[in-house]
Structures are given as C-alpha cells and as structure tokens.
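Okay, structure first, notes after.
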Amino acid sequence: MITNKAIEAFRQIETPFYYYDMALLQQTLQECSKQAGLYGFQVHYAIKANDDPRILAMVRDYGFGVDCVSGGEVKLALDAGFAAEKIVFAGVGKTDREINLALDAGIGCFNVESIPELEVIDALARAKGVQAPVCIRVNPDIDAHTHRYITTGLEENKFGISAWAFDELVAALRAATNIAFKGLHLHIGSQITIMEPFKLECKRALEIVAKFREAGFEVTDLNLGGGLGVDYDYPSLNPVAPFEAWFGTVAENLPVGHGQTVHFEPGRALVAQCGHLISRAVFVKKGKERKFVILDAGMNDLIRPALYGARHYVENLTSRGGKLRYDVVGPICESSDTWGEGLLLPATSRGDLFAICTAGAYGQVMSMRYNQRPFAKAYYSDEILK
Ligand code: LLP
C-alpha cells in the first residue's frame, strides 16, 4: 500500500526509483511460512526474482532457503547469510567453476538438468573426494498455459531431462561414484494463476517417484519449483499471493511417505506486490486522437511489458482530476517502451507522480542501462516513513 505519507516523501526523491513496502513483504513471507509450515514444506526463495539486500535479509530471517541459477547467485546467497545446506542450484549451463564453488560451499542440492551435467558434477566431486547431493530436474511436459517465454515444463523447452531419456539417466546414476541421489526437481512455469497445472505436476511427480523406485533409487526430496502467480490487474485487492491454495493443492494431491520432504521455489509470489516503480510525468502530449503521458521510467527500468507484453497496473498518485484516457509511455527510443494504451486515469499534468505496481519481481534485477540511463535506486517504506 502506498500511503499519503509515502507520497509526500516521494516528492523529495529523484525519479524513477523502486519503492519497497517492507510491511507487505513481511506479511507475505509470514503467510507463506505459515501455510508451508502446516505441511512441513521447505521453501527456497528464487533469488533471481529480486536480489535486493534488504529483501534478502528479511527472507533469510524467515528461515527460507534459496533457489539459485548461477554461481553469482550462490555466492550472493552465502554472503547474505543463508545456510549453505538450504541452497539449491538449478540451471542448464552450470560451468565447472560454478559447480566447484557450490561443492566447496557445501550447498544442499544440485538440480541437475542433463546427463552430461551429471557426469561433470560426479567427476568434479570425485576430484574433491566429496559426494554431491543431487535432484534430477525432470521435464514434466506439462503446459502451464502461461506466456511462451516463461513456460519451462514443455518437452520442447531446454530445461530438465525428458522421460524418454530415463534409462540412460539411470545408467549414468548407477555409474556415478560421487553423486548422492536425493530425488527430483520439477518446475512447470511462472505466473500460474490456476491450480490445475499444479495438480498435474503432482500426478507427474508421483509417477516419476515410482519409476525411480523401480530402478532402485529412493526419492527423499521432491522439489516442485516455483510458479505461483500474482494479481497484476488488481494488486490492491490481492496483495498477498494465494499460498494457502497452492500448498493445500499440493498437500492434497501429493501424498508423501515417511522421510520424504517437499520443497518449493517461489520467486514472484513472495516479492512482486511489495515493489513499485515510482515515476514522474515528464510531459503530457496531445496527439490527433490520443493523449500521451510520457513518464521518466522506461523499459530499461522494468522490461516486462516490452519483453513479454506484460501489463502492470499504472496509478497516478497525485492527481484528483476527472478521468481521461491516456497512452502511458516511457522515454526510451523503442515503440515497445509502453506502460499501457488507453488507460483511464485522473487528468494528468507534468510532474504528477505515478506508480507502476507489482514491480517487485523481475523488475530491478532485469534492469539495464540502455540509452545511458542510470540504474533506478531502491527505497524502503520503513526508512522513508520514519
Ligand atoms: N524455480 C525455477 C527452476 C525457475 O526457473 C524459476 C523461474 C523459479 C523457480 C521461480 O519462478 P516464480 O515463482 O518466480 O514464477 N522474468 C520472467 C519470469 C522468469 C521465470 C524464470 N524461472 C517474468 O518477468 O515474468
């Protein structure tokens, strides 16, 4: 929630900037932790969604682990004080350097995405005289009905090992001397707002557990990845993601045995709603038929609309005027640098403050310096509202 007090504080700050509502983050983490705790589920925050130090510190204090996809992320998680054994490490292209770093740190699990990767981890662990804990990322071939750029669980995606390669995988696991097999990892996609794909995921997970058992490998860890979606259309109506439904669906559809642990890797669901990109209207420009509001925040600050055609709720924070239709755009020299067309907003003037909502996940981390623009800074509710 952006309070009037926050808006007053924004007036003194150079735009654009990221504003994090730390109370909402806390509420979200609390809810996730509470719902996961009901079933003994382990949560590993997908650090790729937002690696801001204040956010990491709060996530760490809730006892969550971290899901990483690069050596850089593993190092950042360790530096931020997360326990090594709660770190899981996925990614299709782990380099030797990254694998060695993770082995030296003693991370909890490698989520292995191919047979060649399994062989390399085995060899590097052997050279160090250690056992590498491993979950096999299985491509579940499930359509999560989300954007094609963020669908990861289809046969045609590059992620995970497909069912047809199972026999070869089992042979590689048998040949490995320094792999400690723990179980399986799945991730079916991102921004999933219905529970049906998660039910299918559970069904697929049970089938795979049975196949591993037949082959003589007992699964102790089932990692179902992330993917829970958030409400981009009505962020203030649904500020906290539906963790109860997500975990409840899995608890109902995935009966786990004694000694088995279920893991999750939410990213977006934990941090999206607490983040806002705050901007100023630089100009209001009249076209022949349309009116444009040109903001000082652009696609370099938040690339999701330009890259995925994503919609973020846009709010004029300072005008109380009658409603008019505007195309709201950014300043970058690209036509895709657009926040929304024909948006109904209070009559807008130069200098009005705007919030681009639900920007906490895959916002600041994906920003860039295109057009020689500086990186937007981060401000936190508990600091600027003091
Ligand atoms: N685990 C794995 C293996 C993943 O690949 C991802 C996200 C996650 C967990 C976290 O997913 P989440 O809970 O955040 O949906 N940049 C895109 C999203 C890319 C997601 C990539 N993988 C966006 O802005 O929508």
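Quick one: would you say residue 295 is buried (at least 20 other Cβ atoms within 10 Å of the Cβ), in the same structural domain as residue 325 (by TED's automatic domain parsing) and within 11 Å of the ligand (Cβ to nearest atom)? Taking the combined requirement at face value, the residue does not satisfy it.
Checking 41, 82, 17, 10 one by one, the residue that is over 17 Å from the mean Cα position of the chain (by Cα) and within 15 Å of the ligand (Cβ to nearest atom) is 41 and no other. Taking the listed residues 161, 142, 121, 136, the one that is touching a strand residue (DSSP E or B) at 6+ places or on another chain (Cβ under 7 Å), at pLDDT below 95 and assigned by TED's automatic domain parsing to the domain that holds residue 218 is 161, with no other qualifying. Close Cβ contacts (under 9 Å, 6 or more residues apart or on different chains) running from residues in segment 84-112 that are assigned by TED's automatic domain parsing to the domain that holds residue 67 and surrounded by fewer than 17 Cβ atoms within 10 Å (Cβ to Cβ) to residues that are acidic (Asp, Glu) and outside any loop (DSSP other than H, G, I, E, B) comprise 92/117; 93/117; 106/85. If you go through segment 22-44 and keep only what is more than 13 Å from residue 274 (Cβ to Cβ) and not basic (Lys, Arg), you end up with 33, 35, 36, 37, 38, 39, 40, 41, 42, 43, 44. Selection over segment 1-27 of residues that are crowded, with 19+ Cβ neighbours inside 10 Å, part of a loop (DSSP other than H, G, I, E, B) and touching a helix residue (DSSP H, G or I) at 6+ places or on another chain (Cβ under 9 Å) gives a count of 1. Taken over segment 371-382, the residue count meeting the criterion of being over 16 Å from residue 7 (Cβ atoms), assigned to a helix (DSSP H, G or I) and open to solvent by less than 90 Å² (accessible area, probe 1.4 Å) is 2.
For residue 359, the conditions (1) in contact with a strand residue (DSSP E or B) (Cβ under 8 Å, 6 or more places away or on another chain); (2) within 16 Å of the ligand (Cβ to nearest atom); (3) open to solvent by 50 Å² or more (accessible area, probe 1.4 Å); (4) of a type in the set (A, V, I, L, M) all hold with the exception of (3). Inspect all residues belonging to segment 226-235 and state whether any of them is touching a strand residue (DSSP E or B) at 6+ places or on another chain (Cβ under 8 Å), hydroxyl-bearing (Ser, Thr, Tyr) and not in a helix (DSSP H, G or I). No, the conditions are met nowhere in segment 226-235.
Residue 236 fulfils the conditions (1) hydroxyl-bearing (Ser, Thr, Tyr); (2) outside the structural domain of residue 142 (by TED's automatic domain parsing); (3) open to solvent by 30 Å² or more (accessible area, probe 1.4 Å) except for a single criterion, (2). Of all residues in segment 256-285, those satisfying the criterion of being more than 15 Å from residue 42 (Cα to Cα) and at pLDDT below 95 are 257, 258.
The values are calculated or read from the model by the stated rules, or taken from the named source; none is laboratory data. Owing to the predicted nature of the structure, the values given are computational and were not obtained by experimental measurement. Note: ideal-geometry Cβ built from the backbone for every residue, glycine included; neighbour counts use all protein chains shown. Heavy atoms of the whole protein, side chains included, go into the accessibility calculation; ligands, DNA and RNA do not. Shrake-Rupley method; radii C 1.70, N 1.55, O 1.52, S 1.80 Å.
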